[in-house]
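*Asks:* After the structure tokens below, expect a handful of questions from me.
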Amino acid sequence: MSIVESFKKIITFFDEIRNEGIIEDYALIGGLALSAWIRPRTTKDIDLIVVASKDIKWKNVASIIETRLHKKVAVQKMTQRTHIKEKLSFILGQIEVDIISTKGFDLAEEAIKNSVVAEVFGKHVKVVVPEYLILLKLLPLSSQDTIDIRALVKKADRDRLKTLAQKHYLLLKLESVVKL
């Protein structure tokens, strides 16, 4: 299964569970989200941030994925370094899918609320805007994240980015990567 087929299947699945009330909302982040804003680059995974519905536990989301998509899901508890509390990962076709919970992760929840709908591989999906995508990439800050941030900053509202970075205590880290 190609990344395009995997992506379409994932988006259809998350639209369905949102319509059923299992999750409240979700948005695309990572390498595929970059494609909505800058020249596309090769990516090896599909990354989503997800708001689970109030009465749904994260492990239930994992069970639903396993049951409906017939995929083994790894439930990961994360470290403070990235601010991610809960993450699910599984393989669909040849592609890794990473699902990040917004629980206890204010930046991610805010990113979803401020995302926009874009067409990606023929599917309409919420995509995190450049300012929030930059801030999310600052958390792990790999060498690829640094490259992505430097390209994305050209599409960002610099004043808004600076304000958001300050709000989320990421301004010094941002300034170490790009000149504002």
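Every read-out reported here was derived from the displayed coordinates using simple, explicitly stated rules and does not represent laboratory data. The model shown is predicted, which means the values in this text are computed figures rather than measured ones. In this analysis, Cβ positions are derived from the backbone assuming ideal geometry, glycine residues included, and neighbour counts consider all displayed protein chains.
*Asks:* Below 8 Å between Cα atoms, with a sequence gap of 6+, how large is the relative contact order for the chain in percent?
*Replies:* 20
*Asks:* Give, rounded to the nearest 20 debye, the magnitude of the charge dipole that the stretch 3-128 has about its Cα centre when Lys and Arg contribute +1 at Cβ and Asp and Glu contribute -1 at Cβ. Walk me through the numbers before you get to the answer.
*Replies:* On the way: 20 positive and 17 negative charges, 67 e Å.
Roughly 320 debye for the stretch 3-128.
*Asks:* While we're looking at this one, here's another question. How large is the translational diffusion coefficient of the chain in µm² per second when you combine the Kirkwood radius over alpha carbon pairs with Stokes-Einstein at 20 °C and 1.002 mPa s? Spell out each step's value before the answer.
*Replies:* Working: Rh = 16.5 Å.
My calculation gives 130 µm²/s for D.
*Asks:* Can you sort S143, S53, S63, S101 from fewest to most other Cβ atoms within 10 Å of each residue's own Cβ? Mind showing how you got there, number by number?
*Replies:* Values: S143 7, S53 16, S63 13, S101 21.
With the fewest neighbours first, S143, S53, S63, S101 line up as S143, S63, S53, S101.
*Asks:* Which one of T67, I22, F90 is farthest out on the positive end of the charge dipole of the stretch 1-101, using unit charges on Cβ (Lys, Arg +1; Asp, Glu -1) and the Cα centre as origin?
*Replies:* F90
*Asks:* Is the stretch 97-170 rounded, prolate or oblate when judged by the Cα gyration tensor, a ≥ b ≥ c being the square roots of its eigenvalues, rounded requiring a/c under 1.5 and prolate requiring a/b larger than b/c?
*Replies:* On the way: a/c = 1.36, a/b = 1.20, b/c = 1.13.
It is rounded, given that a/c, with a ≥ b ≥ c, falls under 1.5.
*Asks:* Taking a cut-off of 17 Å between Cα atoms, list the lysines near K77, but don't count ones fewer than 8 places away on the same chain.
*Replies:* Partners within reach: K57, K59, K85, K87, K103.
*Asks:* A further question on this structure: Dipole magnitude of the stretch 68-180 about its Cα centre, charges +1 at Lys/Arg Cβ and -1 at Asp/Glu Cβ only, in debye to the nearest 20? Intermediate values should be presented prior to the final figure.
*Replies:* Details: 21 positive and 13 negative charges, 30 e Å.
That gives a dipole near 140 debye.
*Asks:* Given R₀ = 41 Å, what would the calculated FRET efficiency be for K155 paired with T12, taking r from the Cβ atoms and rounding to 0.05? Intermediate results must be reported in sequence, preceding the final value.
*Replies:* Details: r = 28 Å, r/R0 = 0.68.
E between K155 and T12, to the nearest 0.05, is 0.90.
*Asks:* Taking the stretch 1-76 as the region of interest, what is the percent of Cα-Cα pairs per 10 angstrom bin, listed from the shortest bin to the one with the maximum distance?
*Replies:* The calculated distribution, bin by bin, is 17, 49, 28, 6.
*Asks:* Sort the following peptides by mean Cβ neighbour count (other Cβ atoms within 10 Å, averaged over residues), highest first: 44-50, 55-61. Walk me through the numbers on the way to the answer.
*Replies:* Values: 44-50: 21.0, 55-61: 14.4.
Top of the packing list down: 44-50, 55-61.
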